[in-house]
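Engineer: Questions regarding the structure given below will be posed in turn.
The values are calculated or read from the model by the stated rules, or taken from the named source; none is laboratory data. These numbers come from a predicted model, not from an experiment. Backbone-built Cβ (ideal geometry, glycine too); neighbour counts: all protein chains shown.
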Amino acid sequence: MKKAILQLSLLASALFLVSPFSVAAESAAATMAEILVNLNHFPSDADKDRLADIMESDETSDAEVDIAMAISHIAHQAKDEDKDMLNEIIADESVPAELRDVAAAVLRVNHKVSDEDMAKLKMIASSS
């Protein structure tokens, strides 16, 4: 019985240590899509922290950094200074389709994402 309890304790400890890494492994696109799904006029402080993590990661592409920055700037809608950059990402076929979809959703935010964008974002958020 003591051996079983010890094994369970070790397993629980291992899972606790591994779980932050599985969250960190979530793709930037999935994280940004999830933030947009829950967006209500602007990103929360917790969302801004998650976006900052994306922007500061060495594994993040330039397009991901730009989209994360544009999301962090949202106040009811995308900022004018981010719209040209978002349009460039959308037009760049070398950028993965899911990132272009996220960029397009950011561009069309009007207090929240559209129903059409919501369906795509939910799929992207669940794909990680």
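Engineer: Answer yes or no as to whether residue 63 is in contact (Cβ under 8 Å) with a residue 60 or more places away in the chain, of a type outside the set (S, T, N, Q) and in contact with a Leu (Cβ under 9 Å, 6 or more places away or on another chain). Explain how you work it out, then say what you get.
Structural biologist: Values: in contact (Cβ under 8 Å) with a residue 60 or more places away in the chain: no; of a type outside the set (S, T, N, Q): yes; in contact with a Leu (Cβ under 9 Å, 6 or more places away or on another chain): yes.
So residue 63 does not fit the description; no.
Engineer: Of all residues in segment 38-54, count the ones that are within 25 Å of residue 115 (Cβ to Cβ) and under 10 Å from the mean Cα position of the chain (by Cα).
Structural biologist: Qualifying residue count for the region: 3.
Engineer: Would you confirm, using the coordinates I've provided, whether residue 37 is in contact (Cβ under 8 Å) with a residue 60 or more places away in the chain and either under 19 Å from residue 101 (Cβ atoms) or buried (at least 20 other Cβ atoms within 10 Å of the Cβ) (or both)? Talk me through it step by step, then tell me what you get.
Structural biologist: Working: in contact (Cβ under 8 Å) with a residue 60 or more places away in the chain: yes; either under 19 Å from residue 101 (Cβ atoms) or buried (at least 20 other Cβ atoms within 10 Å of the Cβ) (or both): yes.
Yes, satisfied.
Every residue, every condition in (1) surrounded by 17 or more Cβ atoms within 10 Å (Cβ to Cβ); (2) of a type outside the set (D, E, K, R), yes or no:
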position: 79; (1), (2): no, no
position: 86; (1), (2): yes, yes
position: 89; (1), (2): yes, yes
position: 94; (1), (2): no, yes
position: 102; (1), (2): yes, yes
position: 111; (1), (2): no, yes
position: 125; (1), (2): yes, yes
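Engineer: Working carefully through the options 13, 57, 22, 27, find the one that is under 20 Å from residue 101 (Cα atoms), surrounded by 10 or more Cβ atoms within 10 Å (Cβ to Cβ), hydroxyl-bearing (Ser, Thr, Tyr) and at pLDDT below 95.
Structural biologist: Numbers: 13 fails: under 20 Å from residue 101 (Cα atoms); 57 fails: under 20 Å from residue 101 (Cα atoms); 22 fails: under 20 Å from residue 101 (Cα atoms).
Every option except 27 fails the conditions.
Engineer: Please count how many residues of segment 52-80 are within 16 Å of residue 105 (Cα to Cα) and either touching a strand residue (DSSP E or B) at 6+ places or on another chain (Cβ under 9 Å) or not basic (Lys, Arg) (or both). Show your work before the answer.
Structural biologist: Residues of segment 52-80 within 16 Å of residue 105 (Cα to Cα): 63-80.
Narrowing the set further to residues that are either touching a strand residue (DSSP E or B) at 6+ places or on another chain (Cβ under 9 Å) or not basic (Lys, Arg) (or both) leaves 63-78, 80.
Within segment 52-80, residues that are within 16 Å of residue 105 (Cα to Cα) and either touching a strand residue (DSSP E or B) at 6+ places or on another chain (Cβ under 9 Å) or not basic (Lys, Arg) (or both) number 17.
Engineer: Out of all the residues in segment 37-58, which are in a helix (DSSP H, G or I), under 14 Å from residue 121 (Cβ atoms) and aliphatic (A, V, I, L, M)? Working first, answer last.
Structural biologist: To start, the set of residues in segment 37-58 that are in a helix (DSSP H, G or I) comprises 37, 45-56.
Checking which are under 14 Å from residue 121 (Cβ atoms) leaves us with 37, 47.
Hit for segment 37-58 is 37, nothing else.
Engineer: Also, quick follow-up: State all residues of segment 113-122 that are assigned to a helix (DSSP H, G or I), more than 12 Å from the chain's Cα centre (by Cα) and surrounded by 13 or more Cβ atoms within 10 Å (Cβ to Cβ); if no residue qualifies, say none. If you could, list the steps in order and put the result at the bottom.
Structural biologist: Of segment 113-122, the ones assigned to a helix (DSSP H, G or I) are 115-122.
Within this subset, residues satisfying the condition of being more than 12 Å from the chain's Cα centre (by Cα) are 115-120.
Listed by number, the residues that qualify are 117, 118, 120.
Engineer: If you check residue 90 against the conditions, is it closer than 19 Å to residue 27 by Cα, touching a Lys or Arg at 6+ places or on another chain (Cβ under 8 Å), without any contact (Cβ under 8 Å) to a residue 60 or more places away in the chain and among the aliphatic types (A, V, I, L, M)? Steps first, please.
Structural biologist: Details: closer than 19 Å to residue 27 by Cα: yes; touching a Lys or Arg at 6+ places or on another chain (Cβ under 8 Å): yes; without any contact (Cβ under 8 Å) to a residue 60 or more places away in the chain: yes; among the aliphatic types (A, V, I, L, M): yes.
For residue 90, the condition - closer than 19 Å to residue 27 by Cα, touching a Lys or Arg at 6+ places or on another chain (Cβ under 8 Å), without any contact (Cβ under 8 Å) to a residue 60 or more places away in the chain and among the aliphatic types (A, V, I, L, M) - is met.
Engineer: Give 64, 34, 93, 88 a once-over and let me know the one that is modelled with pLDDT of 95 or more, over 16 Å from the mean Cα position of the chain (by Cα) and in a helix (DSSP H, G or I).
Structural biologist: Working: 64 fails: over 16 Å from the mean Cα position of the chain (by Cα); 34 fails: over 16 Å from the mean Cα position of the chain (by Cα); 93 fails: in a helix (DSSP H, G or I).
Step by step, each of 64, 34, 93, 88 is checked, and only 88 is modelled with pLDDT of 95 or more, over 16 Å from the mean Cα position of the chain (by Cα) and in a helix (DSSP H, G or I).
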